[in-house]
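Asker: Handing you this structure, nothing more for now.
Values in this text are rule-based calculations from the coordinates and carry no lab data. A quick note: this is a predicted structure, and the numbers were derived from the prediction, not measured. Backbone-built Cβ (ideal geometry, glycine too); neighbour counts: all protein chains shown.
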Amino acid sequence: MITEMKKLEETSMKPTTEKLKPKLFSVMKTYSKAQFIKDLVAGVIVAIIALPLSIALALASGVRPEQGLYTAIVAGFLVSFFGGSRVQIAGPTAAFATIVAGIVATDGMDGLILSTVMAGILLIVMGFCRFGKLLKYIPGTITAGFTFGIAVTIVIGQIKDFLGLTFQNSPIETVDKIAEIFRCLSSINFSALLVGLISLAVLIFWPKKLEKIPASLIAVVLCSALVKLTGLEVNTIGDLYTISNAPPKFTLPNVTFAGIRAMLPNAFTIAILAAVESLLSCVVSDGMIGSKHRSNMELIGQGIANIGSALFGGIPATGAIARTAANVKNGGRTPVAGMVHSIVVLGILVILMPYASLIPMPTIAAILFIVAYNMCGWKNIRTMLKTDPKSDIAVLVATIVLTVVFDLVVAIGAGLVLTALLFIKRMADVTEAHAWVDADDEETDPDNILRKKIPARTRVYEINGPMFFAASEKFKYMLDDHDIDVLVVRMRNVPAIDAAGVETLFDIVKNCAKNRVRVVFSHVNEQPMHAMEKAGLKKAVGEENFCSHIDTALLRAEEIENEIRSASK
């Protein structure tokens, strides 16, 4: 019995390694005909939802409408086949719209294909390196900030089509778009505004009455018929774009070393954003179906999907929370539903795509307004503004502003740097050294220094918190007391130390040696001990002066005092 308990204990202590195996291969072992029917129904419904969204997001991204469908077809199928979630639905999402539009405007489709392929490779590497769990360390303030910022840029980008404005210029940057909107406000097309308002009304109120039929599909059909039958002078997709119903075709980009170097920042941005959004979608869907996704396999699946999407004429893709939730609500429980969704979208592309030319541009703008509203997370932002510390609010606001004014690369980079600096400051603020522990702890802490008998010519300093470069100045005052024989440095509450912290301890030891003061260390934890050994501090102080407990450290201090007294006689 004891042996079995030991084995069980050893097994529980071993770290569990997540399988790098697609979820599809696991669920098929128990797959049934009844589940296939549910997945089939869910896949068809999600495809109907994905149709107008994919077209709208393609147009918002500055590419042809069919490229959004290519993304839903190729990336949607590959994520379901190779991914680590049972119910993830992938495709184009609003998070990528501004990034893709910027890349296409400056570097063309070759630049976009190259960036997306590189991002896919990065995602695969992240998966094999098991980075799935590390992405949770990206602060929520940054994620909320750039998500809200992207939503704002989408809304600003669609005002032109919603109002039917005629721009004199073709601005790329969001700030320039705002200036152009005000400059051309007199060219407002009231017919376009009417169609846009009707579309918005359908998108807002239809789900409250009949949720099963997607509101976006009703808005598209109703407003397309309205414009066609009444002859309203409103731009449609067919007026601005040439629409193809050809299935996705394999295309290789023009690859050069200079191009790879130029596209690397965009590739990193796409990879990080795809990873964060897809894993967030997985977490949400896990809660809905009581399952657990494989985060690293999901990253690999997303990487394969983005490479496939780019090489077959699509744009960057990731897990779509709204479409994934719709899949779950309609009975989808395996990756088969996602694969069905892709096949149905392919059928719609080939058969019905020419009719997409009738869709009014204000309707597309209205759909994107709702997408932006749903993704902005304004309730979360409101809670943060009420409850978070001012430093976190500063990161949030900075990320939002930089996303809107500049781009996502600048926003995420600046947000991470600002967060890191604020974290360093917080750690430095909580790190301190005391000559004794607060008296209030005396009753609860049996090792409180006030309970101990300290030798007459010994001082005990206890360090609390990590010892690192930002906090190293706090320990300098330990060098000031020279009228002692022994300095005991208690480090039970020091979880970690860096090179600057070790250097500070070296300074303390050297200064003490000059003033004939011996140093004894008490309860040094594993990481600080390793760092001190590597730096040679343990050897310099002497192994006998490193004690595992404050009691042994005080006994050692008493021995040293006795040695000094004996030597002075």
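Asker: In whole Å, what is the distance between the alpha-carbon centres of region 517-569 and region 55-134?
Answerer: Between the Cα centres of region 517-569 and region 55-134 lies a distance of 58 Å.
Asker: Could you line up Ser32, Ser54 from fewest to most neighbouring Cβ atoms inside 10 Å? Display every interim value, and only then the final one.
Answerer: Values: Ser32 9, Ser54 32.
In increasing order of surrounding Cβ atoms, one gets Ser32, Ser54.
Asker: Would you mind ranking Glu561, Glu543 by Cβ crowding within 10 Å, fewest neighbours first?
Answerer: Working: Glu561 18, Glu543 8.
Exposure proxy ranking, most exposed first: Glu543, Glu561.
Asker: By how many degrees, between 0 and 90 and to the nearest 10, does the Cα long axis of helix 499-514 differ from the longest principal axis of the chain?
Answerer: That works out to roughly 10 degrees.
Asker: Something else: Residues of region 351-374 with backbone nitrogen within less than 20 Å of a virtual label 7 Å along the Cα-to-Cβ line of Leu193, please, listed as ranges.
Answerer: Within reach of a label on Leu193, which here means backbone N under 20 Å from a point 7 Å along Cα→Cβ, region 351-374 contributes 360-370.
Asker: Right, here's the next one. Could you work out how far the C-alpha centroid of region 300-360 sits from that of region 166-227, in angstrom?
Answerer: Measuring centre to centre over Cα atoms gives 24 Å.
Asker: Write down the Å³ per residue value for the convex hull defined by the alpha carbon atoms of the chain. Write out the running numbers ahead of the final one.
Answerer: Working: hull volume 125.1 nm³, N = 569.
With only Cα atoms used, the chain gives 220 Å³ per residue.
Asker: Hey, another quick one. Quick check on the exposure proxy: order Lys453, Lys19 from fewest to most C-beta atoms within 10 angstrom. Each step should come with its number before you reach the end.
Answerer: On the way: Lys453 7, Lys19 13.
Ranking Lys453, Lys19 by Cβ neighbours within 10 Å, fewest first, gives Lys453, Lys19.
Asker: Still on this model: Hey, what number do you get for the chain at 222 nm if only DSSP H runs of n ≥ 4 count, each worth -39500 (n - 2.57), divided across all residues, to the nearest 500? Don't skip to the answer; put the middle values down first.
Answerer: Working: 22 runs with 361 residues, N = 569.
The helix-only estimate for the chain comes to -21000 deg cm²/dmol at 222 nm.
Asker: Something else about it: Nearest-5 percent of antiparallel DSSP beta bridges in the chain?
Answerer: Numbers: 6 of 20 bridges.
Rounded to the nearest five, the antiparallel share is 30 percent.
Asker: Net charge near Ala215: determine it from the other residues with C-beta under 11 Å of the C-beta of Ala215, scoring Lys and Arg +1 and Asp and Glu -1. Present the calculation step by step, with values, prior to reporting the outcome.
Answerer: Working: positive: Lys208, Lys209, Lys212; negative: Glu211.
The answer is +2.
Asker: Now for a different question. Bin width 10 Å, origin at 0, all Cα-Cα pairs of region 215-285: what percent of pairs per bin?
Answerer: 13, 20, 24, 29, 13, 1
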